[in-house]
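The values are calculated or read from the model by the stated rules, or taken from the named source; none is laboratory data. All values reported here derive from a predicted model rather than from experimental measurement. When the accessible area is computed, the model is the full protein with side chains, heavy atoms only, and any ligands, DNA or RNA have been set aside. Shrake-Rupley method; radii C 1.70, N 1.55, O 1.52, S 1.80 Å.
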Amino acid sequence: MNESDKRTARAASRKVDARKEADDAVRTLKDALVAAGVVLPSLRADPAGPVCGVVLVELGGARPDVVRKLAAVVKKGSDK
């Protein structure tokens, strides 16, 4: 394997790692939200892929009542 192939393989590996990290973060947040009775239906890892080596997590849109419930959960957690 030449040096160019090695760089390409490392870059591909970083993209896979970034995607896995984002997917894991989405799953962790979804689980926590479900436990609190909150659902963000558009929550997902950004399908566009890595931006500066990071796959962003899209929280998406939500109804006002869901946003208020999420705010209450966050506030309750921050009071500890």
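Tell me, in nm to one decimal, what length is gained between residue 35 and residue 10 on full extension, where the rule is 0.36 nm per residue of separation less the Cα-Cα distance?
Numbers: separation 25, 0.36 × 25 = 9.00 nm, distance 3.74 nm.
Additional length available on full extension: 5.3 nm.
Give me the 1.4 Å probe accessible area per residue for the chain, excluding ligands and nucleic acids, in Å².
Details: 5980 Å² over 80 residues.
Solvent-accessible surface per residue comes out at 75 Å².
Going down the table (20/69; 20/75; 30/76), which pairs top 22 Å between alpha carbons? Could the numbers behind the result be given before it?
Numbers: 20/69 28 Å; 20/75 29 Å; 30/76 18 Å.
Among 20/69; 20/75; 30/76, the Cα-Cα distance tops 22 Å for 20/69; 20/75.
Enumerate the calculated ³J(HN,Hα) couplings along the range 14-28 in order (Karplus 6.51 cos²θ - 1.76 cosθ + 1.60, θ = phi - 60°), each rounded to whole Hz, writing x wherever the residue is Gly or Pro.
Those phi angles translate into 5, 5, 5, 4, 5, 5, 5, 4, 5, 4, 5, 5, 4, 4, 4 Hz.
What is the angle, in °, between the Cα long axis of helix 64-78 and the longest principal axis of the Cα atoms in the chain? Nearest 10 is fine, range 0 to 90.
That helix lies at roughly 80 degrees to the long axis.
At a 1.4 Å probe, what is the % contribution of carbon and sulfur to the accessible area of the range 8-80? Intermediate results must be reported in sequence, preceding the final value.
Numbers: 3260 of 5290 Å².
About 62 percent, which is the carbon plus sulfur part of the accessible surface.
Computed from these coordinates, which is P(r) over Cα pairs in 5 Å bins from 0, in percent: (i) 3, 14, 18, 17, 14, 11, 8, 4, 4, 3, 2, 0; (ii) 3, 17, 31, 31, 15, 3, 0; (iii) 3, 14, 20, 20, 19, 15, 6, 2, 0?
Looking at P(r) over Cα pairs in 5 Å bins from 0, in percent for this model, the match is (i).
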